[in-house]
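Asks: Next up is a structure, given as structure tokens.
The values are calculated or read from the model by the stated rules, or taken from the named source; none is laboratory data. Source: prediction; values computed, not measured. Cβ: placed from backbone, ideal geometry, glycine included. Neighbour counts: every protein chain shown. Just the protein is used for accessible areas: all its heavy atoms, side chains included, with ligands, DNA and RNA removed. Shrake-Rupley method; radii C 1.70, N 1.55, O 1.52, S 1.80 Å.
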Amino acid sequence: MIIKVKMMYRYLVLCCSCIIPSMFTAVSASDFNNNSIGLIYGEPTSTQNKTIYTYDIEYQNIFMRSESNRYFLGAGARIGQISVDDERGERFSLYLTPGINVSSFSFAIVGGGIYLTKTVFGENDVSTKDYGGHFQFILGANVMFHATKNWTIGYQFEHMSNWNNYDHNPALNTHNIVLKYQF
């Protein structure tokens, strides 16, 4: 629990030190960049039988915009880890993200696939977390605040499940903090 609090504190300090000094500068839709690199930290939305966290590094490219820059379509890739108690497994993801820009905010849907290198956690414990198989699907929604031309911070809800393609489908819903550098 102490490690969790320390990690959240460090992440928030990083986010705030990058974003807060420039929050008073308005960013218009024409100022948005097409590429970004981001950090994503997630925790389950509900109580689980194990302590679960997700950590990802993301690259995203907005490859299509409306003439007004209001609507966009992007694609991205993520690499990261899922941490269940003291066990970890890597995760690799590809996704599409359609969205809309409103003033200094953007709202988007995220949908794609994810590959887990480890699917069963706590095999020798009383409680086990079994995601069923390596291939999972993700569906999510986010709201991002574009603090400057280059820095964005936001929230993303994400659902990961295998859509009943395996015997077990516990799914994982997460609240995620997102910090992105756009270029």
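Asks: Given the whole protein assembly as supplied and a 1.4 Å probe, what does the accessible area of Tyr181 come to in Å², nearest 10?
Replies: Probe radius 1.4 Å; accessible area of Tyr181 about 90 Å².
Asks: Starting from the 7 Å offset along Cα-to-Cβ, what nm value, one decimal, do you get for the label separation of Asn35 and Arg70?
Replies: Using points 7 Å along Cα→Cβ, the separation is 2.9 nm.
Asks: Let me ask something else. Leaving ligands, DNA and RNA out of it, work out the accessible area of Met144 with a 1.4 Å probe and give it in Å² to the nearest 10.
Replies: Met144 has an accessible surface of roughly 10 Å² with all protein chains in place.
Asks: Now for a separate question. Could you name the aspartates and glutamates in cross-link range of Lys149, using Cα to Cα under 20 Å and dropping any fewer than eight places away on the same chain?
Replies: Asp31, Glu58, Glu67
Asks: For the residue pair Phe135 and Leu96, what label-to-label distance in nm results when each label sits 7 Å from Cα along the Cα-to-beta-carbon direction?
Replies: If labels sit at Phe135 and Leu96, their model points lie 1.7 nm apart.
Asks: Same structure, new question: Taking the Cβ of Ile100 as the center, what net charge do the other residues with Cβ under 12 Å away carry, scoring Lys and Arg +1 and Asp and Glu -1?
Replies: +2
Asks: If you don't mind, there's one more thing I want to ask. Local charge sum around Ser127 (other residues, Cβ-Cβ under 15 Å, Lys/Arg +1, Asp/Glu -1)?
Replies: My count for the surroundings of Ser127 gives -4.
Asks: Taking K and R as +1 and D and E as -1, what net charge do the other residues with C-beta under 10 Å from the C-beta of Thr174 add up to?
Replies: My count for the surroundings of Thr174 gives -2.
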